[in-house]
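Below you'll find the structure, written out as structure tokens, and then a few comments.
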Amino acid sequence: MKDLSPNSWEARADAHSFYGFTDLPTIEDRGAVVLTHGEGPYVFDVHGRKYFDGNSGLWNMVAGFDHPGMAEAAKAQYDRFPGYHAFFGRMADQTVMLSEKLIEVSPFDDGKVFYTNSGSEANDTMVKMLWFLGGAEGHPNKRKIITRKNAYHGVTAVSASMTGKPYNSVFGLPLPEFLHLTCPHYWREGHEGETEAQFTQRMADELEDMITREGADTIAGFFAEPVMGAGGVIPPSEGYFQAIQPILKKHGIPLISDEVICGFGRTGAVWGCQAYGFMPDAIISSKCLTAGYFPMGAVILGPDLTDRLQAASDAIEEFPHGFTASGHPVGCAIALKAIDVILNEGLLENCQKMIPAFEAGLQALADKHHNIGEVRGKGLMGALEAVKDPATKEPFGPDVSVSERIANACTDEGLICRPLGQSIVLCPPFIVTQDHLDEMFSKLDAALTKVFAEVG
Ligand SMILES: *Cc1c(COP(=O)(O)O)cnc(C)c1O
């Protein structure tokens, strides 16, 4: 499989590109997959092999890999004004327009937007805003940030501290002041005999206990993904946000919705908070914001945080934060086009239309394969979790690398999908047709059949 000749793309990738978030034994075995271009939901490698990308790149390429309008918007803006910053009271007209648009399509009546280059930086920025606010409002101890185990909020030192994954211990993270609650995954975390409603209540009690123990005056904010994405597509337990939001409100703790994956339609609603019926104090957006055609993140502040942060900034005559490429005009032009394509050119509609077929396809695989312990998801994202023993939910041993094996078998079939823990995650782009879904599920079916015959 692996082409070892020194001039191969695989060898050249190995020689000078440092892999991140990559299973190195897989690379050792098979080499990197080096890609040249894409068409619709497909990507092509240097050997001309075609893959259906069941993960929309990294959740973000929802308009596919060759949307003509997106490239045109980028080209037009590069020709017009190819770059600028948003410091010192100067910013591009496209930046002004994107902020207006984001507030218009947000669940907020009013608000303001701050731009970054990534989702991690947007979370990092939000934490700095909350710390800034604590100091300015006379609560300098309001610094602790609450998230959940298994949450994914990014990789900068602060956002990695928010991320509730054990791998961050290799960096000596989390930093102090970052607290993690139980992951609200009823199937995995529910106790013997506990109903889902009781489980949700236990999650809410745990939050209340943490606030009491730590002191509400030490807590700056609570961050949550409406559906945990990189945690393995984990929707919250029934009634979760309805149970926790009043507790946060009572203690004056802002609820920040990390919508980097859920935002712009993935759940079937424009925002994940709308899919789950809660109103956050701010929204973190990235990934689909530009349909993956430009690196960009945004902090979208609701009216209360806008007013308070404005007052805090006025008091010292500045908010001392920003990135060189914050509000980049090309990124803003691309985002304006992406939002238009998703909301007005039928992408969100198609996403909504395909959800039942997507769910049915996942369910059919779970019904067929005894070693699938749970099928879960929301909208056009889903996961199948492999278990050694479905009766006890006992996982496969780590030596089996079950999800890597499945993902590698999928690659051989011409399907890109992602192993996460012991789950396989699918999140196809919003342009998918029934034929695409049929192809995706039949390839995954073949891979599951092969791997479970070996290890099941
Ligand atoms: C991907 C992701 C991030 C981090 O975004 P980057 O652009 O990779 O820094 C943050 N939060 C969530 C929910 C994500 O899925």
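Any read-out appearing in this document is the output of simple, stated calculations on the displayed coordinates, not a laboratory observation. Bear in mind the structure is a predicted one, so any value in this text is a computation, not a measurement. Ideal geometry is used to build each Cβ from the backbone, glycine not excepted, and the neighbour counts take in all protein chains shown.
Table: residues versus (1) assigned to a loop (DSSP other than H, G, I, E, B); (2) of a type in the set (Phe, Trp, Tyr); (3) within 26 Å of residue 41 (Cβ to Cβ).
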{"site": "273", "(1), (2), (3)": "no, no, no"}
{"site": "278", "(1), (2), (3)": "yes, yes, no"}
{"site": "288", "(1), (2), (3)": "no, no, yes"}
{"site": "300", "(1), (2), (3)": "no, no, no"}
{"site": "306", "(1), (2), (3)": "no, no, no"}
{"site": "310", "(1), (2), (3)": "no, no, no"}
{"site": "323", "(1), (2), (3)": "yes, yes, no"}
{"site": "326", "(1), (2), (3)": "yes, no, no"}
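Residues are listed down the side, and each one gets a yes or a no for (1) free of Cβ contacts under 8 Å to residues at least 60 places away in the same chain; (2) assigned to a helix (DSSP H, G or I):
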| position | (1), (2) |
| --- | --- |
| 134 | no, yes |
| 146 | no, no |
| 152 | no, no |
| 183 | yes, no |
| 193 | yes, no |
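Matching residues to (1) of a type in the set (Phe, Trp, Tyr); (2) within 30 Å of residue 233 (Cα to Cα):
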| site | (1), (2) |
| --- | --- |
| 6 | no, no |
| 15 | no, no |
| 21 | yes, yes |
| 28 | no, yes |
| 39 | no, yes |
| 42 | yes, yes |
| 46 | no, no |
| 70 | no, yes |
- prompt: Among the residues of segment 242-264, how many are of a type outside the set (Val, Ile, Thr) and either surrounded by fewer than 24 Cβ atoms within 10 Å (Cβ to Cβ) or away from the ligand (no atom under 16 Å from the Cβ) (or both)?
  reply: 11
task: With respect to residue 302, determine if the residue is more than 26 Å from residue 404 (Cβ to Cβ) and either under 19 Å from the mean Cα position of the chain (by Cα) or among the small types (Gly, Ala, Ser) (or both).
output: yes
message: Out of the residues in segment 29-59 meeting the condition of being more than 27 Å from residue 152 (Cα to Cα) and acidic (Asp, Glu), tell me which one is farthest from the chain's Cα centre (by Cα).
response: 29
message: All but one of (1) assigned to a helix (DSSP H, G or I); (2) of a type in the set (A, V, I, L, M); (3) closer than 29 Å to residue 430 by Cβ hold for residue 27; state the number of the condition that does not hold.
response: (3)
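Here's the yes/no breakdown for (1) of a type in the set (Phe, Trp, Tyr); (2) buried (at least 20 other Cβ atoms within 10 Å of the Cβ):
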residue	(1), (2)
167	yes, no
170	no, no
174	no, yes
191	no, no
196	no, no
202	no, no
206	no, no
221	no, yes
field: Which numbered condition residue 208 misses (of (1) part of a helix (DSSP H, G or I); (2) in contact (Cβ under 8 Å) with a residue 40 or more places away in the chain; (3) touching a helix residue (DSSP H, G or I) at 6+ places or on another chain (Cβ under 8 Å))
entry: (2)
